[in-house]
Amino acid sequence: MGNSLACFSEKNQATKFRKSNKSSRSFNGNVPPPCISRSTSRKSDRIYLNSLRFDQGKCDDDYIREQARVAAALLLQHHQQNGTLTQFERSVSLRETLTSSRKQKRIPRSSSCRARSLSDSIPQHLELLDQGTDVESLKNKHFVLVHGGGFGAWCWYKTTTLLKESGYQVDAIDLTGSGAHFFDSNNITTLSQYVKPLTDFLENLDDNKKVILVGHDIGGVCISYAMELYPSKVSAAIFVAASMLKNGQNILDMFSVQLGLNNLCQRAQVFRYANGKNHPPTAIDYDKSLIKEVLFNQTPTKDVELASVSMRQVPFGPLTEKLTLSATNYGSIPRFYVKTQDDFAIPASLQEVMIDSNQPEQVFQIKGSDHSPFLSKPQSLHKILVEISNIPPKMNLKTTI
């Protein structure tokens, strides 16, 4: 949201074998079947067949050996095609001899044919797992992502993909009247109504489960509201370029701190009056021609296009509601803040004011990020989220509200 709110105090092929069914010949009991010849010339065939009359015993042995070779060849082909070929180890003596030989004279590998290590196949965003993260512990680490004003669960698609590929459980919530949640924003008048999809999610969460809440923009106020209601189900809260308020504050109060310092953001916001101009606004919309400059100034063009057709109005009523936060509930949960350096919606200076007045456990900064780091700097945001998830929880944490 922007400072103009202040004016309202606001993812075989099987090979087919063809069997050659040749006509079988009848032989009496004194003459063995002919041996299989690998010669294709008639002269060779005659010589080979004449030999049968003089050395039937030799032919028996040749026949058996040839049949054995054919059977072995077929068996080998079968295993190769079905991936069941077993690599047998060499004898110990042979292995030691080879090892000794290699040590005496080893030919250097070129960089293009060097032996691959396990880490060669690990994507960049999984490197943290390779560096000692306990994979089993990830099963119990569950992120719940809460979008900001006008956004929806869709905006987290890069972050959701990275976290899931790293082994985390992830859920992105559509708040009331946002994203795929179909409800008229003009009819959302309270914070509890707006945050209901999140509180319903936490209400249905098993009592022995905890989640890490991540809020962006006014999603910060939404996760604060949920922290107060369900402190036992939240292990940590991460505010990403978000409104991190104190007890008794509302969003409009916070933005009034920098009234008039961001005229661009004010010009991008369009107020809607469903109840008439004589009544307070019912929703806030964004001028599509200005959203890139305000919200996505460092975001790839394709994502800006996605946002331009996906963003919806922001309900105005919840922005005016003051938060009720306590040290016992909200204050018992570790909070972390992620600053966005090139943010034109909630400027870095305003983020610093919130950090100073409601100090979190730790502050992180994403350089070169606009107001939407999940689109402009997804890898950087991902690394921060993973780092925070690995910070041991503090016991009996209480902060002043």
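The values are calculated or read from the model by the stated rules, or taken from the named source; none is laboratory data. Predicted, not measured: the structure shown is a model, and the values here were computed from it. Here the Cβ positions follow ideal geometry from the backbone for every residue, glycine too, while neighbour counts run over all protein chains shown. Only protein heavy atoms, including side chains, enter the accessible area calculation; ligands, DNA and RNA are left aside. Shrake-Rupley method; radii C 1.70, N 1.55, O 1.52, S 1.80 Å.
Could you sort out which of K233/K339; K141/K292; K210/K302; K141/K288; K277/K367 sit more than 32 Å apart by Cα distance in this structure?
K141/K292; K210/K302; K141/K288; K277/K367
How about segment 156-224: which chymotrypsin sites (Phe, Trp or Tyr not before Pro) there lie in a loop by DSSP and see at most 13 other Cβ atoms within 10 Å?
Qualifying residues, ordered by number: F182.
Short version: ³J(HN,Hα) in whole Hz for each residue of segment 349-364, in order, from phi by Karplus 6.51 cos²θ - 1.76 cosθ + 1.60 (θ = phi - 60°), x for Gly and Pro, what are they?
Karplus-based 3J(HN,Hα) across segment 349-364 equals 5, 5, 4, 5, 4, 5, 5, 5, 7, 9, 4, x, 5, 7, 10, 10 Hz.
Carbon-plus-sulfur fraction of the accessible area of segment 135-390, 1.4 Å probe, in percent?
49
Once the whole set of protein chains is in place, how much accessible area is left on E293, using a 1.4 Å probe, in Å² to the nearest 10?
So the heavy atoms of E293 present about 90 Å² to solvent.
Taking +1 at the Cβ of each Lys and Arg and -1 at the Cβ of each Asp and Glu, which of Y194, L163, P231 sits farthest along the dipole of segment 161-248 towards its positive end, judged by Cα position relative to the Cα centre?
Farthest along the dipole direction, towards plus: P231.
Skip the ligands, DNA and RNA, and give the accessible area per residue of segment 135-390 with a 1.4 Å probe, whole Å².
In whole numbers, segment 135-390 has 38 Å² accessible per residue.
Report the label-to-label distance for K367 and T199 in nanometres (one decimal), using points 7 Å from each Cα along the Cα→Cβ vector.
So the two model labels end up 4.2 nm from each other.
Within 10 Å of each candidate Cβ there may be at most 11 other Cβ atoms; applying that plus a DSSP loop requirement, which trypsin sites (Lys or Arg not before Pro) in segment 239-329 survive?
K277
Please work out how much length the chain gains when fully extended from S289 to E165, using 0.36 nm per residue of separation minus the C-alpha to C-alpha distance, in nm with one decimal.
Full extension from S289 to E165 adds 41.1 nm.
Using protein chains only and a probe of 1.4 angstrom, how many square angstrom of K383 are accessible, to the nearest 10?
Rounded to the nearest 10, that gives 90 Å².
What do you reckon, how do H181, H142, H279 stack up by accessible area (1.4 Å probe), largest on top? Can you show the working numbers first?
Values: H181 60, H142 20, H279 100 Å².
Reading off the accessible areas and sorting them downward yields H279, H181, H142.
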